[in-house]
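Encoded as structure tokens, the structure appears first; notes follow it.
Please treat every number below as a calculation from the coordinates, not as lab data. Quick caveat: nothing in here was measured; it's all calculated off a predicted structure. Neighbour counts run over all protein chains shown; Cβ positions are idealised from the backbone, glycine included.
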């Protein structure tokens, strides 16, 4: 039964809703103090997992494959017959080809109705020849597509000096970890051990499959140059000196081994993990070799296996979930909730990376480590977003030992980019020309500063007492001012989308002392009010990431996006506005019987237009946080948010 607000004391009803949500969130906390919730992407990760097992020639796990098959069939679209990149999303040819291939590998009859519908949709979209680069690689690994259509990335790339225009250190962390083992696979061009010999010839239209190149834009000489370079590399394939090629492959191998990251895997993300396993297999590592075995186990650790279905996660999010849930519990208050938050912070403390200079040190040598990663372990790749959120939670809880806070701040300020903002993992990772590489057709090769991550860093510094007039804060706020969209919102790189970005920046501006009289704040708050749904909630579709940046795309109200909008408006000083009251009512009316909120819509960003995430934790802790804050502010004299988030 949903909690209603039609009682004599509306705040008493909210108290009940907050208590139920906090109790349910506490019940989900692990015995050691941390939270971790499922992190679901689209069909591509479970499909690639099935294909990986067959590529390696492993014994078929019929029970597991049957569960993954049921999952893939369930999320097939009933409207366009293929698979999209998010819940209720439009048709995506690359995702659909991978899902179809995985189902066929599992044993689905190509003449089964769901396979016929999928195949018809794929062929209507240009067939398997129309897929993106990473899907072309997947097909080539099974000899189901030609390697000639894959852009050439020679392993000798790893030997180039850092000043060279194309260099691994100039790419984002996720691109580095995915690309390095791929350099070996692309050079040696292996074919899967899959004994079934299953291919997908029926997904080709008969049109000639052309090599993948970036569409030439006369304004971008880089695009034409990189396309020409790719043709040159293809023409010279096989002419590399043997010793140089061997040295390059050994360098790639050593690079991966150094960053293997135990059972958490290379980069702690599925594509890099899977590529590392295939690389080790190709280089002759036995199945029981410690390096290959631990890389293989890292992939298994991503599985979510339920009674009827199973899928593979792209990564796990325990640090992020734990830090955000701790904030929600601190907001809820009360002895038991604060104890839960303290246990979470105790779990987080030893996960701070204090002794590993990760890849970020290439750009910022001399900065001491001090960040937190997103996953259980990912020491080479801590991220600034997690670090800022953890530091703010520790400060908010009054953590006695200030060392983790001080080191987190030191590392964060050391990675501020020249334009005043912060990226997620590196400083000044903004070599835009690299997105013109034929290999980068996903447009996500870089990790430039973004408004949402920058806002979190500003929030952290402001919460710790740094004034808005300090040089680094002034530069950061000026960056945020430049990033504001004409209608008043901010782009959300890591969450969907303008609602997420606007919430993030409004919290930062409030912490830095900007009130609702500031034009930036007033425009943003007005924008949030104008996009509120008629039912009182807020929603935004992933299609808002379209290249034309036209802005917010309306969608049904979701618990997480409603909470973000409410937290943003309250940070802007609008706790008493009718829009906030209606949003709180929507959350109360949509609270489930278990005390939490459900949400199938994807509100997490992986790579805009390419990869989206459904954080199963978002509708659990963000609505609690928003309702508790509303109650707290309504009962306070100041009506002002006093923390950074």
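Its residues counted as N, the stretch 530-598 yields a C-alpha radius of gyration over 2.2 N^0.38 Å of 1.17.
Rg and Dmax of the stretch 406-562, both derived from C-alpha coordinates alone, stand at 16.1, 47 Å. Convex hull of alpha carbon positions in the stretch 423-480: directionally averaged projected area 4.4 nm². Counting neighbouring beta carbons within 10 Å and listing from fewest to most, the residues 642, 387 come out as 642, 387. Can you give me the Cα centroid spacing of the stretch 372-403 and the stretch 328-360 in angstrom? Each part reduced to its Cα centre gives a spacing of 7 Å. What is the calculated FRET efficiency for residue 549 to residue 431, with r their C-beta to C-beta distance and R₀ = 25 Å, to the nearest 0.05? With a Förster radius of 25 Å, E is 0.75. Here the stretch 382-440 is described by how far its Cα atoms reach on the three principal axes: 51, 20, 13 Å, from widest to narrowest.
When both the stretch 558-614 and the stretch 252-301 are represented by their alpha-carbon centers, they are found 38 Å apart. Taking Cα atoms only, the orientation of helix 113-124 departs from the longest principal axis of the chain by about 80 degrees.
Sorted into 10 angstrom bins from 0, the C-alpha pair distances of the stretch 1-135 split as 11, 31, 21, 16, 15, 6, 0 percent.
Working from the Cα coordinates of the stretch 96-165, the gyration tensor eigenvalues give, after taking √(5λ), semi-axes of 34, 12, 9 Å in decreasing order.
Between the C-alpha center of the stretch 159-180 and that of the stretch 488-548 there is a gap of 34 Å. Sequence-distant contacts, meaning Cα pairs under 8 Å at least 6 residues apart, place the relative contact order of the stretch 544-612 at 31 percent. How fast does the stretch 246-405 diffuse by Stokes-Einstein, in µm²/s, taking the Kirkwood radius from C-alpha pairs at 37 °C and 0.692 mPa s? In µm²/s, the coefficient is 188. Sorted fewest first by neighbouring Cβ atoms within 10 angstrom, 114, 80 come out as 114, 80. Distances between every pair of Cα atoms in the chain, grouped in 20 Å steps from 0 to the bin holding the largest one, split as 19, 53, 26, 2, 0 percent.
With neighbours defined as other Cβ atoms within 10 Å of a residue's Cβ, the residues 354, 384, 506 order from fewest to most as 354, 384, 506. Against the chain, whose longest principal axis comes from its Cα atoms, helix 173-188 is set at around 10 degrees. Take every pair of alpha-carbon atoms less than 8 Å apart whose residues are at least six positions apart; their mean separation over the length of the stretch 319-415 yields a relative contact order of 29 percent. Using the Cα gyration tensor of the stretch 474-631, with a ≥ b ≥ c the square roots of its eigenvalues, what is the shape: rounded (a/c below 1.5), prolate (a/b larger than b/c) or oblate (neither)? Note, shape of the stretch 474-631 comes out oblate.
Given contacts defined as C-alpha pairs under 8 Å and at least six residues apart, what's the relative contact order of the chain, whole-number percent? After rounding, I find 17 percent. Taking the longest Cα principal axis of the chain as reference, the axis of helix 10-27 is set at about 40 degrees.
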